[in-house]
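Quick notes on the structure that follows.
The values are calculated or read from the model by the stated rules, or taken from the named source; none is laboratory data. Computed from a predicted structure; not experimentally measured. As a convention, Cβ positions derive from the backbone with ideal geometry for all residues, glycine included, and neighbour counts pool all protein chains shown.
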């Protein structure tokens, strides 16, 4: 299996071996990226193409994969139902994450289903209205 990441994620990938034990991960085997994924491009998964969105903040090179035909996004640790990804890990940036959710994810159709890295799915429309970090009721 080949590993594709955003180029800005390389320092995080290289540092995982050092900091992973602090978070309870043992037996980590270091890896190198086989290729780099770029925002604005797409990646083919089976017969489907997913657009690559650059949404850093949780990590410096965090990507979201969007399937335009079905209005579905694999959000990873960016946007959760009623929350956002944590930004206290190496390379995290809270303000940048808030900005990129609003400028990248919130431009997707409101019926877009977001599958986060943890927890239940959500939609862009629900989060625009209800998310206390980036939604309509968030303090700017």
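What strands (runs of 3 or more DSSP E) completely inside region 28-140 contain at least 2 residues that are in contact with a strand residue (DSSP E or B) (Cβ under 9 Å, 6 or more places away or on another chain) and farther than 15 Å from residue 5 by Cα? Talk me through it step by step, then tell me what you get.
Numbers: elements: 42-45, 48-54, 63-67, 72-76, 113-116.
The strands (runs of 3 or more DSSP E) meeting that bar are 48-54, 63-67, 72-76, 113-116.
Go through region 1-27 and report how many residues are under 13 Å from residue 90 (Cβ atoms) and either touching a strand residue (DSSP E or B) at 6+ places or on another chain (Cβ under 8 Å) or assigned to a strand (DSSP E or B) (or both).
Step one: list which residues in region 1-27 are under 13 Å from residue 90 (Cβ atoms), which gives 8-20, 22-23.
Okay, now just the ones that are also either touching a strand residue (DSSP E or B) at 6+ places or on another chain (Cβ under 8 Å) or assigned to a strand (DSSP E or B) (or both), so 13.
Residues that pass the stated criteria total 1.
Does residue 54 satisfy the condition of being crowded, with 16+ Cβ neighbours inside 10 Å and under 17 Å from residue 135 (Cβ atoms)? Working first, answer last.
Numbers: crowded, with 16+ Cβ neighbours inside 10 Å: yes; under 17 Å from residue 135 (Cβ atoms): no.
Answer is no for this residue.
Results for (1) surrounded by fewer than 16 Cβ atoms within 10 Å (Cβ to Cβ); (2) at pLDDT 95 or above; (3) more than 14 Å from the chain's Cα centre (by Cα), shown as yes or no for each residue.
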{"residue": "42", "(1), (2), (3)": "no, yes, yes"}
{"residue": "58", "(1), (2), (3)": "no, yes, no"}
{"residue": "69", "(1), (2), (3)": "yes, yes, yes"}
{"residue": "73", "(1), (2), (3)": "no, yes, no"}
{"residue": "103", "(1), (2), (3)": "yes, yes, no"}
{"residue": "107", "(1), (2), (3)": "yes, yes, yes"}
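Only one of these is modelled with pLDDT under 95 and either crowded, with 22+ Cβ neighbours inside 10 Å or under 25 Å from residue 19 (Cβ atoms) (or both): 89, 79. Name it.
Numbers: 79 fails: modelled with pLDDT under 95.
The unique qualifying residue is 89.
Are any of the residues in region 2-15 in contact with a helix residue (DSSP H, G or I) (Cβ under 9 Å, 6 or more places away or on another chain), farther than 20 Å from residue 134 by Cβ and surrounded by fewer than 20 Cβ atoms within 10 Å (Cβ to Cβ)? Write out each step before concluding.
Pass one, region 2-15, residues in contact with a helix residue (DSSP H, G or I) (Cβ under 9 Å, 6 or more places away or on another chain): 3, 5.
Next, only the ones that are farther than 20 Å from residue 134 by Cβ stay: 3, 5.
Next cut, surrounded by fewer than 20 Cβ atoms within 10 Å (Cβ to Cβ) only: 3.
For region 2-15, residues in contact with a helix residue (DSSP H, G or I) (Cβ under 9 Å, 6 or more places away or on another chain), farther than 20 Å from residue 134 by Cβ and surrounded by fewer than 20 Cβ atoms within 10 Å (Cβ to Cβ): present.
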